[in-house]
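S.K.: Please read through the structure below; I'll follow up with questions.
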């Protein structure tokens, strides 16, 4: 005889507010929010957009002024707050005009936000180490949960090679290197432009954009003086981005600081040969010569070393790590992220609240009271 059927997990209503989050739509945080929504639905839960609707838990992701207000609103309604720590003082530096000068103030602001959470979720062990420093003053539990990647969508596709070159107006045999991200010094775009200049026979394509009003002087100079083999198509939708990863001869990501970097996960999932700057996060998580190829350093010496290693990668002189990269991406596939998110919900005491249905409302009218109040969130 078969045993009893498993009892399905109770369905939650998860508030993922849109509000000012729309300002981050084209950033890594925007991608992380979209991934969260997919994961929530894959667990059988419902995504709620408005804080005025009934909800059981709130995910807060952005460092915008509405975030502490939403946290306060959830507390008033006795709902647990999961605060995503995507940003640190370190990765705020070298971002926008004046960022370095205000970085300590930014750290105090995000620390204030993170302290509003009943639990803090950050995408890597490296990020957890940073925000565990005393200057952040966090007391709530800190969970590590990758932003993840949809490996059923981002997957190898040899036919993308021709589509990519056709979309860029290039010859079928053109050698193409891509990078993806906002146009920030921290993302390595200044070094990337110089790398393109040093390799005129290769086409370098940067996908992503930044509001021109927020560009630093160094980035404006780099873009204005970029060589003809450096192309900037701007922000593109996911299918075009997938073709870029799958059709390129290499993905070259020269970021100087990350808490994870979703674009790297996407490139690995698509089987792109990858060259990255050897920052601490990537040295530990995607080791040089095992999952990615890496170059360390900065300035002209770094650019020259990167050009040599990229040339060797393009010429097939370095180890083929594409299978290892795909395996690393599969380890943070959204299905696995969903399992880990469910465990975080359990640890944070997230449970469905009793809904104030017709019966509760009728009782309230008869007694002159309010519908049954929700139970307090576990702290």
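The values are calculated or read from the model by the stated rules, or taken from the named source; none is laboratory data. On a predicted model such as this, the values are computed, not experimentally measured, just so you know. In this analysis, Cβ positions are derived from the backbone assuming ideal geometry, glycine residues included, and neighbour counts consider all displayed protein chains.
S.K.: Just one of 194, 166 is under 23 Å from residue 154 (Cβ atoms) and not in a loop (DSSP other than H, G, I, E, B); which is it?
M.R.: One residue alone meets the criteria, 166.
S.K.: Sticking with this structure for a sec: Name the one entry in 182, 214 that is out of contact with any helix residue (DSSP H, G or I) (no Cβ under 9 Å at 6 or more places or on another chain) and closer than 20 Å to residue 255 by Cα.
M.R.: 214 is the lone residue from the list that is out of contact with any helix residue (DSSP H, G or I) (no Cβ under 9 Å at 6 or more places or on another chain) and closer than 20 Å to residue 255 by Cα.
S.K.: How many residues are assigned to a loop (DSSP other than H, G, I, E, B) and farther than 30 Å from residue 264 by Cβ if we restrict to region 45-80? So that I can check it myself, show each step before the final result.
M.R.: In the first step, residues of region 45-80 are kept if they are assigned to a loop (DSSP other than H, G, I, E, B); the result is 45, 49-56, 61-65, 77-80.
Subsequent filtering for residues that are farther than 30 Å from residue 264 by Cβ retains 50-56, 65, 77-80.
Looking only at that region, the number is 12.
Yes/no matrix, rows are residues, columns are (1) at pLDDT below 95; (2) in contact with a helix residue (DSSP H, G or I) (Cβ under 7 Å, 6 or more places away or on another chain); (3) under 23 Å from residue 141 (Cα atoms); (4) assigned by TED's automatic domain parsing to the domain that holds residue 339:
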position: 3; (1), (2), (3), (4): yes, no, no, no
position: 22; (1), (2), (3), (4): yes, no, no, yes
position: 25; (1), (2), (3), (4): yes, no, no, yes
position: 30; (1), (2), (3), (4): yes, yes, no, yes
position: 36; (1), (2), (3), (4): no, no, yes, yes
position: 62; (1), (2), (3), (4): yes, yes, yes, yes
position: 68; (1), (2), (3), (4): no, yes, yes, yes
position: 72; (1), (2), (3), (4): no, no, yes, yes
position: 90; (1), (2), (3), (4): yes, yes, yes, yes
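S.K.: Is it the case that region 310-325 has a residue that's within 16 Å of residue 146 (Cβ to Cβ), touching a residue at least 60 places away in the same chain (Cβ under 8 Å), assigned by TED's automatic domain parsing to the domain that holds residue 174 and under 24 Å from the mean Cα position of the chain (by Cα)?
M.R.: no
S.K.: Continuing with this model, one more query. For region 185-198, name all the residues that are closer than 16 Å to residue 301 by Cβ and in contact with a helix residue (DSSP H, G or I) (Cβ under 6 Å, 6 or more places away or on another chain).
M.R.: Answer for region 185-198, where residues must be closer than 16 Å to residue 301 by Cβ and in contact with a helix residue (DSSP H, G or I) (Cβ under 6 Å, 6 or more places away or on another chain): 190, 191, 194, 195, 198.
S.K.: Still on this structure: Condition first: surrounded by 20 or more Cβ atoms within 10 Å (Cβ to Cβ) and touching a helix residue (DSSP H, G or I) at 6+ places or on another chain (Cβ under 6 Å). Now tell me which residues in region 44-58 satisfy that.
M.R.: Residue satisfying the conditions is 58 alone.
S.K.: When you go through (1) in contact (Cβ under 8 Å) with a residue 12 or more places away in the chain; (2) surrounded by 15 or more Cβ atoms within 10 Å (Cβ to Cβ) one by one for residue 289, which number turns out not to apply?
M.R.: Exception for residue 289: condition (2).
S.K.: Right, here's the next one. Considering only helices (runs of 4 or more DSSP H) fully contained in region 85-159, which possess at least 2 residues that are surrounded by fewer than 19 Cβ atoms within 10 Å (Cβ to Cβ)?
M.R.: 99-114, 125-131
S.K.: Conditions first: (1) closer than 26 Å to residue 194 by Cα; (2) part of a helix (DSSP H, G or I); (3) touching a helix residue (DSSP H, G or I) at 6+ places or on another chain (Cβ under 6 Å). Residue 338 passes all but one, so which condition is the exception?
M.R.: The number of the failed condition is (1).
S.K.: With respect to residue 200, is the statement that it is surrounded by fewer than 17 Cβ atoms within 10 Å (Cβ to Cβ), assigned to a loop (DSSP other than H, G, I, E, B) and touching a strand residue (DSSP E or B) at 6+ places or on another chain (Cβ under 9 Å) true?
M.R.: no
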